[in-house]
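Participant: Structure in structure tokens, see below.
The values are calculated or read from the model by the stated rules, or taken from the named source; none is laboratory data. Everything quoted here is computed from the prediction, not taken from an experiment. No Cβ is skipped: glycine too gets one built from the backbone with ideal geometry, and neighbour counts run over all protein chains shown. Accessible surface areas use protein heavy atoms only, side chains included; no ligands, DNA or RNA. Shrake-Rupley method; radii C 1.70, N 1.55, O 1.52, S 1.80 Å.
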Amino acid sequence: MSTHERSVPFAGDALEAAAALARTAAEPHVVHENGATVHFAEGEAETVTGGLADVARLAGRTAYGWVSFERTGHLAVPRAEVRFADGTAVLRADDEAALDVLEKRLADVSTVDVVEAGVRAPVETHGAEEYRSAVGAAVADIRAGLLDRVVLSRTVPVPGEVDFAATYLAGRRGGDPARSALLRLGGWEVLGFDPEVVTRVDTARGLVTQALAPSSGDPVFDVAWREEPSRAAGAVFERAVAVRLAAAELAGVCEPGSVRVARFPAAEVTGALSVGRTSWDALAALLPAVTASGVPKARACALIDRVEPERGLYGGAVVLVEPDGSLDAVLVLRGLFRHGGRTWLRAGADVAAKPGCALEETTEKLRSVSRFLVPLCA
């Protein structure tokens, strides 16, 4: 696609504008919040679906999409884009006429009306017994020395029709996640609010991954560190195990000696890509993310396969790749999903960290999204 570009001043709320564009989009689309920049991409000028090796064929192009927990993906080169940052909206499309249309849409965009959440989901009770059984199986494997930790998730069906764009905006206003995403692409509708990335590769081929969520939102480090030393010590051990695994995974694609633990206990690991390696190699080395699976990863995934239905985009990533080789993959953990005519919430808990509280932890995480569910009005 021959890309034409135009910059226009934009003094509005980028998230509101992106959500409104998504709500009125006739084509598949993605909203990707990447730090201080909000991206809106629409349409599919070119699409690749398949395994990681297949979707990596779009290297050298700007592309948006997703990769599932099972390591399949759907990536698209968009027909139109808007990037909001620093009071400016950068518009991209395949010709000047399309840019004119996109600029008019942006000028006409109105705030998404966020009404009171009116959709209720049984987050406290649905699947509780099955989840307790799965946690029991995980605890048995941990006590037998087969696992150090595993993340098990629970799904809750959502009745009725949900306005994804309004729910996304309501949830985003109600919290401050490091990253967020909203998409309708490749047969999926998803919105998610998450504190971490699977991996980020910059233009200088430096990369970073977070082996676990940052400690700022972790009650073990905010409260138990002071009040329950033994529990906090166990949490430090679990973080150390996860960081060690992430570092070992990066070592396979990074320059020798470049892998470093940037911050601990924030569980952030950095490195520099080896010559001949790409950002897709880094993503392939890290997926499924340790923070959504467990340690050892192969045994954790084997248990997940036994006790959970197919995860799909839960535990996967929303991905943005650039022509310069940079990549940003946002982990999808706390979110709302729609696929195959069904809508559901999904969230998980680290069984090793506090097995007796795993069900309650999933309930809290599910509620953090369910309280923002906005019904789709005719």
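Participant: Please go through segment 272-315 and pick out each residue that is farther than 22 Å from Val351 by Cβ, touching a residue at least 24 places away in the same chain (Cβ under 8 Å) and over 21 Å from the mean Cα position of the chain (by Cα). Write out each step before concluding.
Facilitator: Initial filter on segment 272-315 (farther than 22 Å from Val351 by Cβ): 272-285.
Within this subset, residues satisfying the condition of being touching a residue at least 24 places away in the same chain (Cβ under 8 Å) are 272-273, 277-285.
Answer for segment 272-315, where residues must be farther than 22 Å from Val351 by Cβ, touching a residue at least 24 places away in the same chain (Cβ under 8 Å) and over 21 Å from the mean Cα position of the chain (by Cα): Ala272, Leu273, Arg277.
Participant: If you don't mind, there's one more thing I want to ask. Would you confirm whether any residue within segment 52-60 is in contact with a His (Cβ under 6 Å, 6 or more places away or on another chain) and within 30 Å of Gly348 (Cβ to Cβ)? If you could, list the steps in order and put the result at the bottom.
Facilitator: Keep residues of segment 52-60 that are in contact with a His (Cβ under 6 Å, 6 or more places away or on another chain), which gives none.
Within segment 52-60, none of the residues are in contact with a His (Cβ under 6 Å, 6 or more places away or on another chain) and within 30 Å of Gly348 (Cβ to Cβ).
Participant: Of all residues in segment 349-358, which are touching a helix residue (DSSP H, G or I) at 6+ places or on another chain (Cβ under 6 Å) and outside any loop (DSSP other than H, G, I, E, B)?
Facilitator: If the condition is that a residue be touching a helix residue (DSSP H, G or I) at 6+ places or on another chain (Cβ under 6 Å) and outside any loop (DSSP other than H, G, I, E, B), then Ala349, Pro355, Ala358 are the ones that fit.
Participant: Let me ask something else about it. Looking only at segment 285-296, which residues are open to solvent by less than 30 Å² (accessible area, probe 1.4 Å) and either more than 29 Å from Ala204 (Cα to Cα) or out of contact with any Asp or Glu (no Cβ under 6 Å at 6 or more places or on another chain) (or both)?
Facilitator: Within segment 285-296, Leu287, Pro288, Ala289, Val290, Thr291, Ala292, Ser293, Gly294, Val295 meet the criteria.
Participant: Let me ask you something else. Which residues, counting only those in segment 127-172, are over 20 Å from Val332 (Cβ atoms) and outside any helix (DSSP H, G or I)?
Facilitator: Matches in segment 127-172: Ala144, Gly145, Leu146, Leu147, Asp148, Pro159, Gly160, Glu161.
Participant: Can you spot a residue in segment 203-225 that is among the basic types (Lys, Arg), modelled with pLDDT under 70 and either crowded, with 16+ Cβ neighbours inside 10 Å or part of a helix (DSSP H, G or I) (or both)? Don't jump to the end; show me each part of the working.
Facilitator: Just the residues of segment 203-225 that are among the basic types (Lys, Arg), to begin with: 205.
Restricting the remaining residues to those that are modelled with pLDDT under 70 gives none.
The answer is no, given that none of the residues of segment 203-225 is among the basic types (Lys, Arg), modelled with pLDDT under 70 and either crowded, with 16+ Cβ neighbours inside 10 Å or part of a helix (DSSP H, G or I) (or both).
Participant: Given the criterion open to solvent by 20 Å² or more (accessible area, probe 1.4 Å), of a type in the set (D, E, K, R) and more than 16 Å from Tyr64 (Cβ to Cβ), identify the matching residue among Arg184, Arg143, Arg149, Arg200.
Facilitator: Values: Arg184 fails: more than 16 Å from Tyr64 (Cβ to Cβ); Arg149 fails: open to solvent by 20 Å² or more (accessible area, probe 1.4 Å); Arg200 fails: more than 16 Å from Tyr64 (Cβ to Cβ).
Answer to the check: Arg143.
Participant: While we're on this one: Within segment 327-345, work out how many residues are in contact with a helix residue (DSSP H, G or I) (Cβ under 8 Å, 6 or more places away or on another chain) and open to solvent by less than 20 Å² (accessible area, probe 1.4 Å). Break it down into steps so the answer makes sense when it comes.
Facilitator: From segment 327-345, those in contact with a helix residue (DSSP H, G or I) (Cβ under 8 Å, 6 or more places away or on another chain) are 327, 329, 331, 333-336, 338, 345; that's our starting set.
Then drop every residue that is not open to solvent by less than 20 Å² (accessible area, probe 1.4 Å), which leaves 327, 329, 331, 335-336, 345.
Residues flagged as in contact with a helix residue (DSSP H, G or I) (Cβ under 8 Å, 6 or more places away or on another chain) and open to solvent by less than 20 Å² (accessible area, probe 1.4 Å) within segment 327-345 amount to 6.
Participant: Ok, one more. Among the residues of segment 264-284, write down those that are assigned to a loop (DSSP other than H, G, I, E, B) and open to solvent by 10 Å² or more (accessible area, probe 1.4 Å). Show your work before the answer.
Facilitator: Step one: of segment 264-284, the residues assigned to a loop (DSSP other than H, G, I, E, B) are 264-267, 274-278.
Residues satisfying the conditions are Phe264, Pro265, Ala266, Ser274, Val275, Gly276, Arg277, Thr278.
Participant: Would you please name the residue that is farthest from Ala165 (Cα to Cα), looking only at residues in segment 80-111 that are aliphatic (A, V, I, L, M) and free of Cβ contacts under 8 Å to residues at least 24 places away in the same chain?
Facilitator: Quick first cut of segment 80-111, residues aliphatic (A, V, I, L, M) only: 80, 82, 85, 89-91, 93, 97-99, 101-102, 106-107, 109.
Next, only the ones that are free of Cβ contacts under 8 Å to residues at least 24 places away in the same chain stay: 97, 101-102, 107.
Values: Ala97: 27, Val101: 21, Leu102: 19, Ala107: 19 Å.
It comes out as Ala97.
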